[in-house]
Every structure is written in structure tokens, then in C-alpha cells.
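Below: the structure, in C-alpha cells.
The values are calculated or read from the model by the stated rules, or taken from the named source; none is laboratory data. The shown structure was predicted, so the numbers you read here are calculated from the model rather than taken from an experiment. Reconstructed Cβ throughout: ideal geometry from the backbone, glycine too, with neighbour counts over all protein chains shown.
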Amino acid sequence: MLVQILDIDYIFTNKPILRIFGKTEDGKNICVFYDRFFPYFYVKPKQNIKETEENLQKVTEIKEIEPVEKFLPLGFHRKPDKLLRLTLLNPSDVPAVREMIAKYVDDIYEADIMFKYRFMIDHELYGMKWIDVEGTHERTTTVKVPALHATSIKPAERIGNAPFRYMAFDIECLPSDPTMPIDNRKDQIIIISIAFHPEFDNKKTIVLVAKPFKGDNVQSFVNEKDMLAEFLRLIDIYDPDVITGYNINSFDFPYLVERLRQNKLPLNLGRCDKPITSKKFGISEEFYATGRIIADPYQILKRDPWIRLSRYDLNTVSKLMLNEEKHHVEYGEMKNLWNGTKDELKRFVDYARKDAELSLKLLLEKQLMAKFFELSKISGVLLQDVFGGQTKRVETMFMHEFTKRDFVMPCAPSGAELNKRNNEREKKGLKGATVLEPEKGLHTEGCILVLDFKSLYPSLMRTYNISPDTLILDKSEKNIAELKGIKSPVGSYFVDPSIAEGIIPYQVKKLIEKRTETKKLMKKADAEEKKALNITQLALKDMANSMYGYTGYVRARLYMIDVANSITGFGRENLMKTKKLIEEEFGVKVIYADTDSAFVKTKIKDLDQAKELGDKIAAYVSERLPGFLELAFEKLYRTFIILTKKRYTGWKFEFVDNEWVDSIDMRGIETVRRDWCALVSEVMNEVINIILKEGDIQKAIDKVKDVLTKLRKGEIPLEKLTIIKGITKNIDHYDGMLPHIELARKMAKRNPQEPPKIGDRIGFVIIKGSQMLSKRAEDPSYVKKHGLQIDPDYYINNQVFPPLERIFSAVGVEKGELFGSGRQASLLGLGTKATRKHEIEIEHKKPLDNWEEFMCQKCNKTYRRMPLQGVCGCGGELLIVCNGSVGKKVVMK
DNA sequence: TGCCAGCGGGG
DNA sequence: GTGTACGCTGGCA
């Protein structure tokens, strides 16, 4: 029987029984029981093995002591070490036994590998992959799905996924006092909305209401307890594989669990009789329901490094990703809607329904799970745990390889070990990458070519065989010579790959090979397959790129600062070598370089000629770099302003599908900030555009002057001057004088019925007057009504000026010239005439401005611009593709 | 520039 | 559950 692994846990009766919750090919649920596996770990005995064994034999929990030969992973070892493998009966005894025996042994390995993972690794099982199971039907009431007592479990080849059932929910509560934080011990849940995929009983959604109410797809109850009981029942009958909902991990679940407790209702939301559990993960909690997956779109989106949004509330996210909005209900009015007319209650019900729908749509339509399915299959981590973070993924993947190679894995660092590492880090330092001091200012004479190393750190690890297990500890001349040691720029040595290929280089190689293979398959795949393969390809890249970070992460089991330092050291060395090669061979200057990229200044104004040179440089340098290192020509900037390291902007051109695509690229220069009014962003963007595209600095100055004049005359609309800040605590608890808090106090006095409360965002403008600044914050609508004047000096000096000044000073314009009255700017020898017009004719003038391209979800056709009708010619929906990854969004305006 | 405090999403 | 835990932004020195 073929089963796809969804989740695993174990129970203990008189021996441990592993329970694999999975799906069969036709989507049926099954739980596979396996009782032939026992917990074990390794110890390094003291010099006197006999004595160590005698001591260990006294520990009754240890059932078996077996001598084994295993390789230690930190530093290169020619031979395996003699270790002892200790087998126990009960996994939960391991922590205590580990403590107990610490004094009898020199070292302990793998004593904190969770039992289910120990089992998976030893049987070569991976999360979300398929297994071939033989066994007999098992009668049990401990799980809610049919059970199978397995006699054999083997990994199976099948790819693809079983059909999954998804359920999204959202709760609404009745706050007794909306100005106070909501209290889950008193304030009841009054509405639960649910959305299903596939449909449940021909229904896409159901809303549960804890008071009498009639409506379509609504079930009403007389009290909270009955409603909650029905919710539990619905989970069991619908039996979802994935439970989702927006921010459920830090709101809905903790709240629900407390309400279930208060009502003395059961907590077994999973597929067995265990209660739902949670663990604190930094700020938010994460919930676990055995046998099901709990996925929170909020957390997925927030942790995705490719998706950078200014806000992550459901409304913003839905608008941006689904082009849909929440129904509008203010938090403060919920109480009234609940106690109001039938129509008001209906509005509340529809509001709740929409929220559940939106969460489900996000997860399904934006395919938020797809990447995690793949990461699970690649790393071996169970789907529920793969949301957690890179460390677990990397370590689990390594564990599989370690076991194959007869290596043992160190335990995770203790508190003391962490301290030691942090101290060592302070002493030795973890030197980062090279960032060259840039040639600051405006560059317009010719194209700036940008050359990038293709996945620099993975390539370095492969090229120099950098790995914890290849680091040479015995640095005697003889030893280094025998192992053909490769010296790193920080003085570490690594074994030559002909003697031993390191675990990391090997894993990186595997990942890269698989990725190349996947990309090849993509070329001849149909649209649907292509999309899936693209996600696989990206997940592989993700894994390869997380290796470097892992070696330098203090909590890593395989943390070795010399390894991390060698990687960046080689990176610096090769970047400097690249700079030298380029400058010496081509007579051009590298005006800036950061980590893995070099910015080359040329005098070429023609895009095609520039590209030709870029390609030539890339080929020349790549040929002269060692191993797997490869430099590629990525893009060019026709005009370029660099303020400091990591802060630059340029008129970017990329050659995509035989066509030049242009946009204004900004790095590290903010045009949007929460505490800036819209005017600032607008002027910043305009100024940068004028300077880069027209080369007309005077025009940019005039633009600013014009804005300043309008500000003084009060001609700028208030909307553009409104600054928004949130109230984060009770307004009586603020000590200092903050403009938005002072305004909130004023507003509370003016309208005592609806005072601003915690969580509200207050929009304000600064008005003229003699009082201190914070007292002059005013509500824009109040300003309009009473014809008050805004304070132009504040906006000039505190808002518009500081960011603009940095740009202008970089292009050689003094502060005074922006204020000055008609005095001509001195432009660092840049005649405005000469730079006003570039010698390039641009075909499509409309810049994409951060948006790279659009890819059809259906047929995978790509567009450089959003077609007028907003969808693909084939009718398919368009995804934004950024840096080559599908569905990744860019900075929001 | 660097450090510390506080917030995020939800209702 | 063989667990123990974030990461950014803004305000201030």
C-alpha cells in the first residue's frame, strides 16, 4: 500500500509505537502503526572503555550497549572513532539518562534527535514523500482514521501529492470593553466562520453564530458552548488535512483553546485523542494538531524573504495578492452589530465569512503551501515542522547523509556552549563579505555594468571543499601535506576532495545537480508541470543557499567559525581578484563591489555594445577563476547615483528575451517610510527620475523649489501631508510628548463617545503655531473644517528635506541651492545640456519600477508589461515574477 | 553609528 | 515532546 507521509508521532504503551498519519493515493486517510523501533543515541567512552561500560550498565533505562565505529563530524578524521550505541525502551527517558551518564563519558551524540525523526532517518523516510507499507488492519480507538499495523515500511518512488482537504476558519469575539485588551477568560467567541476546499455538503462556507439568527449557510446556537461543540464536530466530519486562517497561531488558536477549556470541551482537534499543543516560537505561538497541518498565511507571508510588504494585515495582503478586500467592520462597532438589528448582525456574519474565504484563497490561489511541500521532500522535515526555519531543514538533510556515511551528529549546543561560541565570536570575529568603498556621486558618462557571481557561497564550498568534516585540525606540515590541504585566506586548511569530499560540498553538489535537472525538465513540461517544477527548482536553490548561513549560526550543531570565516574569506579573495582582472585587462574601473557583485564603469553609451563588453568580461574572468566559480553579466545601469555602501539608485536595463527592459532600481534608498508623508515619497521619486532619466539636475532643483513654494503657499493637499502613526498602548501610559498621542488626547476630548483606542492609526498634520511641535498635531478633517494653516517649515525641514538632501549632495548640489532664489546650481562640471539627453533611444519608455515581469499561471507565457486587460491572452491569471521566482511580490507602494 | 525597547497580526 | 524559541523598526544618546 502506498502512503504519503503527512505527520508522525509516537505513543508509549509497553513499548514505543510510531504512528504515521498519511494519505493514500485516492486521498483516503490512514494511520500506520509501527512498533519495531527503539530510541538510541551515541556516547564517546572515556579512555577506560571497560569502566565506562560498567558505569552505563548500572543505568536501568539503558537496554543495550553496543560498540560501534563512527566518524566524528567536527574536523577531519582519517578513521572512525570507537563509540557506544545506547538503546533505551522509552524515548522520554532519554533526556534524564543523558544527564545521568554525562559524567561517565567524554561526549554524547544524537541524544536530542526527536524519536520520530530518528525513525524517519533510519528508514530513509522524508516528509511528504511516499512509503510502501505492508501490514494488517489494526483495531484502535486512539486515532480517528483507519489504522494499519505495519510489518514493513519502505520508501517508495511515487512523486506528486495525494488530494488534500483544506479548511479555513476565523473567530469573532465579543469584547466586554473595546478599549482594553481582549480577555479570553471572559470575552466569549460569538461567531466562527469556516471555508472549505473541496466543498463540504455542497457548501463553500458555513458560519456558526452563538445566538438565534437565520441566514444562508448559517448555523445558529443558543450559546457559545453549543457553537464550539459543533465546530469540533465539523472538524471531525470534514476531516481537513490542512487547517488555516489568518494569524490563527497567535490569535484564533490560543483564544479558541482557552474558550474550549472554559466550556470544559475536549481539545483533540487532531486525528487522535491527544489535545492540541503549542510551543512559543519567538513572539508567536505555533499550534500542533497531530495528523493535521496547521498553516498560517500570515506567518508564511511574513517569513518569505521574497515578499516584502509594508503591512501584513489581511486587508492589505488580500488587496495586493488577490485583488479583493475584507468587508469593512470597525473593531469598536462589533459589539453594536452583535446586539443590533438583523441586518447589522448579517453584516457581522458576512464580514466573518469573508475573512475565512480570504485566508483560504490566499493559501490555495497563491499556492502558499507548494514551496513547503518541496522543502519537506528535499530536507526530510515533516510538513508541519518545515514552516519553522532553515536550521531544522539543513540539519535533517545532513542527518540522512550522516547516517549513510556512518557519521554522528553533535547535540544542539547547550547554554554554556552558546556562551562559549559567542565569546569566541567576539574574539575571532565573523568577518563578513567585502563591500568596497564606492566612488560616490552621479555617473552618467557611460553604462555601469553589473557582474554577479552565480551562487557564490555554494560555489566556494564546492570549489575549496569547505565543510566541518574536512577542516584539518592537526595543522602540522606533514599532516597538511598528506591531506593536500587547501589553505583558506583565514589560515584554515581543508582536505583535498580527492581524499574526502565534505558533507556540505556533497550536499550542495546534489542540490545543484538536481536543480539543473529540474530546470531541464521544465523546458519540455506542460504549463501545469512547469509551475510545479519551478517551485521545486526554487526550493532546491533555497536549500543550497542556506548552507553558508548554517555554518555561521551559533545554534547550529555543526557550527564552526573557521568554516564560516573561510567561506567569506574565499569570497573576499575572489572578489578582489575579479576586480583586478577586470581593471587590468579591460582598462575600466570597478567603482563599487559588494559580496558577489562588481560594478564596472564604462564610457559606452550604447546598450548593446555595453552588453557585449559585459559578456566578454564575464567570460574572461570566469575562465581565470578556480573551480565552480562563475561570473555572469547581469544588468547595467545607464545612469547611476551611489550615496554610500549599499545605498544606490540607477536607471537599470536588463536584456530579457532579446529585449531591453528598463526600470528605476533603488537599493537601500527609502522612498516609502511609515513616518513620512506621501509628499516625501512623491518628490523623492520624481527627483530621482528626473536626474537619472533626463540627467537634468537643474530641473530636479526647480522641482524641489516648486514644491517648497507650494508648501509655503498652502497649495499642497492635506492628504499628501498626513503622517500616520499607531497607538500602541493606553494613551494615559505614554510618558513623552508624541504628536499623534497628543492629537489622540484632543480627539478623545472632542468626541468622548468614540475616543481613539489601542491599535488605531492616527493620521495627523502639523499646523502653524507657537506651541511645541507635539501640541500642533491636528486631525486633517478638523484642519479642513476650521481652515487651519499647516506649518510649511516643519514639512520642509523635517519631512521633505532630510532624504532629498542626501540625494542632492551626492550629485553635488548644496543645501543652499535648493532654498536659493534663482541662483544657478554649480553642477560638478556637468553641463545640464550635455546630460539632459542620453544617446540611447529606448523602445519601451514605461519603466516597470520594481516589477520585473508577469507570468501566466495557466500557460506560463511571460509579459514584460501587464497587458491592458490585466490577464493573459489565454485568460489565465498573471503572477508577478521577481528575481526569477514565481508569485513573489515586490515592495508595495 | 550603535544600542535598546517595543511591536507585529488578530478581535 | 529525545523540545526552551524572532527580527525589524524607531527613538534616542
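The table for this structure:
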item: Filter result for the condition that a residue is touching a residue at least 12 places away in the same chain (Cβ under 8 Å) and either in contact with a Leu (Cβ under 8 Å, 6 or more places away or on another chain) or acidic (Asp, Glu) (or both), over A:GLU573, A:GLU529; result: A:GLU573
item: Subset of region A:311-330 (residues that are part of a loop (DSSP other than H, G, I, E, B) and more than 8 Å from DNA strand B (Cβ to nearest atom)); result: A:ASN323, A:GLU324, A:GLU325, A:HIS327, A:HIS328, A:VAL329, A:GLU330
item: Wholly within region A:1-45, strands (runs of 3 or more DSSP E) carrying at least 1 residues that are within 17 Å of A:PRO146 (Cβ to Cβ); result: A:2-12, A:16-24, A:29-34
item: Tally, over region A:10-32, of residues that are in contact (Cβ under 8 Å) with a residue 24 or more places away in the chain and within 16 Å of DNA strand C (Cβ to nearest atom); result: 9
item: Condition check for A:GLY245: at positive phi and either more than 14 Å from DNA strand C (Cβ to nearest atom) or surrounded by fewer than 17 Cβ atoms within 10 Å (Cβ to Cβ) (or both); result: yes
item: Selected residue [farther than 28 Å from A:ALA210 by Cβ and either touching a helix residue (DSSP H, G or I) at 6+ places or on another chain (Cβ under 8 Å) or modelled with pLDDT of 90 or more (or both)] from A:TYR255, A:TYR298, A:TYR246, A:TYR312; result: A:TYR312
item: Qualifying residue in region A:590-610 (condition: aliphatic (A, V, I, L, M) and under 27 Å from the mean Cα position of the chain (by Cα)); result: yes
item: Top-ranked residue in region A:246-267 [being touching a Leu at 6+ places or on another chain (Cβ under 9 Å) and farther than 26 Å from A:LEU363 by Cα; ranked as farthest from DNA strand B (Cβ to nearest atom)]; result: A:PRO266
item: Contacts under 6 angstrom Cβ, first residue in region A:468-495 being more than 24 Å from A:ARG557 (Cα to Cα), partner among the aliphatic types (A, V, I, L, M) and surrounded by 13 or more Cβ atoms within 10 Å (Cβ to Cβ), 6 or more apart; result: A:LEU483/A:ILE472; A:LEU483/A:VAL495; A:LEU483/A:ILE499; A:GLY485/A:ILE472
item: Residue satisfying all of: in region A:664-687; surrounded by fewer than 19 Cβ atoms within 10 Å (Cβ to Cβ) and not in a loop (DSSP other than H, G, I, E, B); farthest from the chain's Cα centre (by Cα) among these; result: A:GLU686
item: In region A:74-109, residue farthest from DNA strand B (Cβ to nearest atom) [restricted to those that are exposed (fewer than 14 other Cβ atoms within 10 Å of the Cβ) and within 17 Å of A:ALA412 (Cα to Cα)]; result: A:ASP106
item: Residue in region A:302-310 that is away from DNA strand C (no atom under 16 Å from the Cβ), surrounded by fewer than 16 Cβ atoms within 10 Å (Cβ to Cβ) and in a loop (DSSP other than H, G, I, E, B) present; result: no
item: Matching residues, region A:256-289, being under 19 Å from A:ARG303 (Cα atoms) and either more than 9 Å from DNA strand C (Cβ to nearest atom) or part of a loop (DSSP other than H, G, I, E, B) (or both); result: A:GLY282, A:ILE283, A:GLU285, A:PHE287
item: Matching helices (runs of 4 or more DSSP H) fully within region A:390-498 where at least 3 residues are modelled with pLDDT of 95 or more; result: A:390-405, A:456-463, A:477-482
item: Residue identified as assigned to a loop (DSSP other than H, G, I, E, B) and either within 16 Å of DNA strand B (Cβ to nearest atom) or out of contact with any helix residue (DSSP H, G or I) (no Cβ under 6 Å at 6 or more places or on another chain) (or both) among A:PRO212, A:PRO198; result: A:PRO212
item: Close pairs (7 angstrom Cβ cut-off, 6 or more residues apart or separate chains): under 14 Å from A:LYS354 (Cα atoms) and free of Cβ contacts under 8 Å to residues at least 60 places away in the same chain in region A:318-334, of a type in the set (Ser, Thr, Tyr) and surrounded by 14 or more Cβ atoms within 10 Å (Cβ to Cβ) anywhere; result: A:GLU324/A:SER318; A:GLU325/A:SER318; A:LYS326/A:SER318; A:HIS327/A:TYR351; A:VAL329/A:TYR351
item: Condition met for A:ILE171 (modelled with pLDDT under 95, farther than 30 Å from A:LYS530 by Cα and surrounded by 15 or more Cβ atoms within 10 Å (Cβ to Cβ)); result: no
item: Of all residues making up region A:177-187, the number that are within 10 Å of DNA strand B (Cβ to nearest atom) and in contact with a helix residue (DSSP H, G or I) (Cβ under 7 Å, 6 or more places away or on another chain); result: 2
